[in-house]
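Trainee: For reference, the structure I am asking about is given below.
The values are calculated or read from the model by the stated rules, or taken from the named source; none is laboratory data. Quick caveat, the model's predicted, so the values are computed rather than measured. Heads up, the Cβs are rebuilt from the backbone with ideal geometry, glycines too, and the neighbour counts pull from every protein chain shown. The protein model used for the area step is the full one, side chains on, heavy atoms only, and it has no ligands, DNA or RNA in it. Shrake-Rupley method; radii C 1.70, N 1.55, O 1.52, S 1.80 Å.
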Amino acid sequence: MDIFNVLTLIGGLAFTLYGMQCMSGGLERLSGGTLERALSKATDNKLLAILLGMGVTALIQSSSSTTVMLVGFVNSGLMQLKNAVGVIMGSNIGTTITSWILSLTAISGDSLLLKMLKPTSFAPLLAIIGIAMMLFSKKEKQKAIGSTLVGFGILMFGMTTMSDAVAPLADAPNFASIFTMFENPILGVLVGTVFTGIIQSSAAAIGILQALALTGGITYGAAIPIILGTNIGTCVTALISCVGATKNAKRTAIVHVSFNAVGTVIFLALFYILNAFIGFDFINQPLDPANIAVVHTVFNVGATIVFYPFTNLLCRIAKLLVPDKKQVEETNPLDERFLNTPAIALEQCRRLANTMAQTARDSFYTALDNIGRFSSSDMDKVKELEAKLDRFEDELGTYMVKLSSKELSEQESHEISKLLHVIGDFERIGDHAENIMNSAEEMFKKKLAFSEKATAELGVMISALHDILDMTLEAFYTNDTALAKQVEPLEDVIDALQSEIRARHVRRLQEGRCTINLGFVLTDLLTNMERVSDHCSNIAVCIIQIAEASFDTHSYLNTVKETNQNEYDKHFKKYSQKFLLP
């Protein structure tokens, strides 16, 4: 084996890693992030958590990536440590799927069926089909299938390349003696751990071992410690990701390490004790890629069975290694770790946007309640909510700009566009709430009070604002375009209410039944109220336009009455009758 074989081996590894990435990316887009989002809802049901971990890891082809997501969930407060343990166990089982896929390269035989099952026969065909789907299909789902097929083809090409690169080792006299050293369990585990930690993929490390096994020079005694070491090495990614995280997020990574490390010690101790008394005949026999997949699976399934009743023990070990601190740690739903999983990151953005919407509503309704009966504690509350809205807008905007640079589906891109549009409106509603509170404070300090008629008129306006804001937020939460289309008629009714209340105020002023000072306050109140309805209109139009893949807001507002005249008139009439001034 010369330098060119080494370079070919490295190139094959690169193709294998890239093929895994393409496959996982395609499968992830096909699932639409369903399984990943389900992770955040994992409960105390350990069996369900294990199945979730298996499913997600089989999908994304990486147990370390699953653990990184778990670190993010725990760090953001979406998941408790005890709920993450079962998922970690399942992820270790799920990662064995890759080794079974890679073992297909060992298929051999003269029959037509066996030749067709050999990856070198069908992988190129699948890659061609996948490329065609990616280039010529307009549907996101078909493109995702194409990416998966291409990834599989590249994965198999990389595995075949590695196997061809190490083939000359079969005739090398020193090759078998080198691997004899790894029959020392400690050295074998160390080699598997270090190598996997460097390439940060236990599946790829197992793939190289499977390629070497095709030479016939690797025995069970040499392979078993290395396989177990790869399980420990895959924890490196999770350990790196927990730097700077909360204590519970760090504990999640520790649980992953503890599970694999303690499981390795137990498995090796049991294996070698039994070998000492029974004497396994197969320990010095060579094994093939399928045997490696069997060992990999047996260890991970066995470790899960052993630790299943002792999940609390793993949590206690983690808490012992990462003790509690006195200061309270803040969680952040927009965890940077999620950016590598756009479906999860977008789900977090939706949740925070929903929180932002509720915060804007609470602030605005608190401000409206203070017109005529000012409360300093409510003033502090509105200011606090406004500061929170400002922070949410900054954090969400920055995070979604980063997310936009990732590989997204068309639907995900549209969702980000919608959120980027509406968070500014939510923040401005908070600004208007603060302005209304300032007007209420001014009335309180100057001992001003509206007349009974003005109070009744404002009551109608406030009632209409409650309806339009509730309707808008419900349309936003549920993405209900039919409900969103009812916002614009009500917004026009509110515009008419504002104009009529202003006109009545002028008449009262002319008749000497109102003061200039009250007039200024009323004008400010009406302006801020009407602008909140404008922001509701903006949000509703955005929901409709994003759903219709059209972003010309002004065009929509200009044509809404013309294209939906009957529907618009029906709703406008209904709201006009509902919100009649006394």
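Trainee: Tell me, what ³J(HN,Hα) does each residue in the range 339-351 have, in order and in whole Hz, if you take phi through Karplus 6.51 cos²θ - 1.76 cosθ + 1.60 with θ = phi - 60° and put x for Gly and Pro?
Mentor: 4, 7, 10, x, 4, 5, 4, 5, 4, 5, 4, 4, 4
Trainee: For n ≥ 4 DSSP H runs only, could you compute -39500 (n - 2.57) per run for the chain, divide by its residues and tell me the 222 nm figure to the nearest 500?
Mentor: On the way: 26 runs with 455 residues, N = 582.
Taking each H run of at least 4 residues, the total per residue is -26500 deg cm²/dmol.
Trainee: Another question about this same structure. Show which aspartates and glutamates lie in cross-link reach of Lys46 when reach means a straight Cα distance below 20 angstrom and same-chain residues fewer than eight apart are skipped.
Mentor: Glu36
Trainee: What whole number of Å gives the distance from the Cα centroid of the range 181-250 to the Cα centroid of the range 380-414?
Mentor: 39
Trainee: I've got another one for you. If you plug each phi of the range 533-539 into the Karplus form 6.51 cos²θ - 1.76 cosθ + 1.60 with θ = phi - 60°, what whole-Hz ³J(HN,Hα) values come out, in order, with x for Gly and Pro?
Mentor: In residue order, the calculated couplings are 5, 4, 5, 4, 4, 4, 5 Hz.
Trainee: Follow-up. Give me the net charge for the shell around Ile208: Cβ to Cβ below 15 angstrom, other residues only, Lys and Arg +1, Asp and Glu -1. Intermediate results must be reported in sequence, preceding the final value.
Mentor: Numbers: positive: none; negative: Asp164, Asp288.
That sum, taken over residues with Cβ under 15 Å, equals -2.
Trainee: Suppose all protein chains stay in the model; what accessible area per residue would a 1.4 Å probe give for the range 191-322, in Å²? If you can, show how the numbers build up before the last one.
Mentor: On the way: 5130 Å² over 132 residues.
Accessible surface, normalised per residue, equals 39 Å².
Trainee: Same structure again: If ligands, DNA and RNA are left out, what is the accessible area of Ile3 with a 1.4 Å probe, given in Å² to the nearest 10?
Mentor: For Ile3, solvent-accessible area is about 100 Å².
Trainee: In the chain, what percent of the accessible surface is made up of carbon and sulfur (1.4 Å probe, ligands and nucleic acids excluded)?
Mentor: Working: 15860 of 26380 Å².
The C+S portion of the solvent-accessible surface of the chain is 60 percent.
Trainee: Hey, another quick one. Solvent-accessible area of Asp324, probe 1.4 Å, all protein chains present, reported in Å² to the nearest ten, please.
Mentor: 110
Trainee: Moving to a separate point now. State, as an integer percentage, the relative contact order of the range 178-291 based on alpha-carbon contacts under 8 Å between residues 6 or more apart. Could the numbers behind the result be given before it?
Mentor: Values: 133 pairs, mean separation 39.8, N = 114.
Relative contact order, the range 178-291: 35 percent.
Trainee: Here are a few candidate values for Cα extents along the principal axes in Å: (i) 85, 61, 41; (ii) 112, 58, 39; (iii) 107, 81, 42. Which one was actually calculated from the structure I just gave you?
Mentor: (ii)
Trainee: Does anyone have the angle between helix 81-94 and the longest principal axis of the chain? Alpha-carbon axes, 0 to 90°, nearest 10?
Mentor: Tilt relative to the chain: about 50 degrees.
Trainee: Within 10 Å, at most 16 other Cβ atoms, and a DSSP state outside H, G, I, E, B define an exposed site. Report the longest part of the chain free of exposed trypsin sites (Lys or Arg not before Pro). Before the final figure, lay out the partial values.
Mentor: Details: sites that count: Lys41, Lys138, Lys139, Lys325, Lys326, Arg373, Lys406, Lys447, Arg513.
Maximal segment without exposed cleavage sites: 140-324.
Trainee: Same structure again: May I ask you to give the solvent-accessible area per residue for the range 354-433, in square angstrom, as obtained with a 1.4 angstrom probe? If you can, show how the numbers build up before the last one.
Mentor: Details: 3450 Å² over 80 residues.
I get 43 Å² per residue for this part.
Trainee: Let me ask you something else. Report relative contact order for the chain in percent, whole number only (criteria: Cα-Cα under 8 Å, sequence separation at least 6).
Mentor: Values: 858 pairs, mean separation 78.3, N = 582.
Relative contact order comes out at 13 percent.
Trainee: Something else now. Positive end of the charge dipole of the chain (Lys, Arg +1 and Asp, Glu -1 on Cβ, about the Cα centre): tell me which of His466, Thr8, Thr481 has its Cα farthest that way.
Mentor: Checked the options; the winner is His466.
Trainee: Could you give me the ³J(HN,Hα) list for the range 69-74, computed from phi with Karplus coefficients 6.51, -1.76, 1.60 and θ = phi - 60°, whole Hz, x at Gly and Pro?
Mentor: Along the range 69-74, the couplings run 4, 5, 4, x, 4, 5 Hz.
Trainee: Say the dipole of the chain comes from +1 at the beta carbon of Lys and Arg and -1 at that of Asp and Glu; which of Leu518, Gly221, Ile145 then lies farthest toward its positive end?
Mentor: Gly221
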